[in-house]
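Please read the structure below before turning to the comments.
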Amino acid sequence: MKTKPLFIVMSAPSGCGKSTLIDMLLQEYHDIVYSISCTTREPRGEEEDGLDYHFLAKERFEQLINENAFLEYAKVHDNYYGTLKAPIVEVLAEGNSMILDIDVQGAAKVRDYVRSLPNTDPLKIGYVDIFINPPSLEELRERLEHRGTDSRAVIEKRLHNAEGEMSRAGEYMFQVTNDDLAICYKRLCDLIDALSGRM
């Protein structure tokens, strides 16, 4: 069955279960490829080049910026992070879909870039952005505290950021609330199935 290749951009506040949802999608949909970002920071722990990130030297990253190779990039704490255009174009050309896990600022840059493309461009044709909402900020606080991985100060910062991110959820084409993981995943699948013509 021929499906339409999608370019899926997904954002969510920290602790909303976005990584879990993306992992579930990748396990079920073998035609969805995960977009690996580039960074100039050093690998942490078990991270592998080409699997977690493409780890690049600063000079190489800046060379790619000059070549307009990035869909979006940003400098965070003296390190660059960015999404290369070419791998997404290649994946869509093969008839597969690409999923991008990105924050609201990055998503806004991608959205602006896609808007500037001609209507015949595969990136524009398949573009869809989805924001994952927590049921409420209180629920998000409970989840973050329950994880037990962050200090109180970090949790407060994450919640403050979440509020700002949620205020921009209206910029996205679709919003899905993760009140229950299984239900939220089903909503995501229904959305992807409908948009890619699987229905």
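Structure above, values below:
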read-out: Segment E139-R41, extension gain: residue separation times 0.36 nm, minus the distance between their alpha carbons; value: 32.0 nm
read-out: Principal axis dimensions, largest first and in whole angstrom, of the stretch 130-196 by Cα; value: 42, 25, 16
read-out: Amide hydrogen neighbours beyond the local backbone of E72, cut-off 5 Å, H modeled; value: T83
read-out: Between the stretch 72-130 and the stretch 29-63, the Cα center-to-center distance that results, in Å; value: 15
read-out: Reach of K124 by Cα under 29 Å, taken over lysines that are not fewer than 8 positions away in the same chain; value: K2, K4, K18, K75, K85, K109, K186
read-out: Chain lengthening between Q105 and E171 when straightened (0.36 nm per residue, less Cα-Cα); value: 22.7 nm
read-out: Calculated diffusion of the stretch 1-134, Stokes-Einstein form, Kirkwood radius summed over Cα pairs, 37 °C and 0.692 mPa s, µm²/s; value: 211
read-out: Most mobile of I88, I22, I65 in a GNM of the chain (Cα contacts under 10 Å); value: I65
read-out: Heavy-atom surface of the chain, accessible at 1.4 Å and reported per residue (Å²); value: 54
read-out: Amide H within-cut-off set for T40, under 5 Å, with H built and near neighbours excluded; value: L56, Y80
read-out: Computed P(r) (all Cα pairs; the stretch 58-199; 10 Å bins; percent); value: 9, 31, 34, 21, 4
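The values are calculated or read from the model by the stated rules, or taken from the named source; none is laboratory data. Keep in mind it's a predicted model, so treat the numbers as computed, not measured. Surface areas here come from the heavy atoms of the whole protein model, side chains and all, with no ligands, DNA or RNA. Shrake-Rupley method; radii C 1.70, N 1.55, O 1.52, S 1.80 Å.
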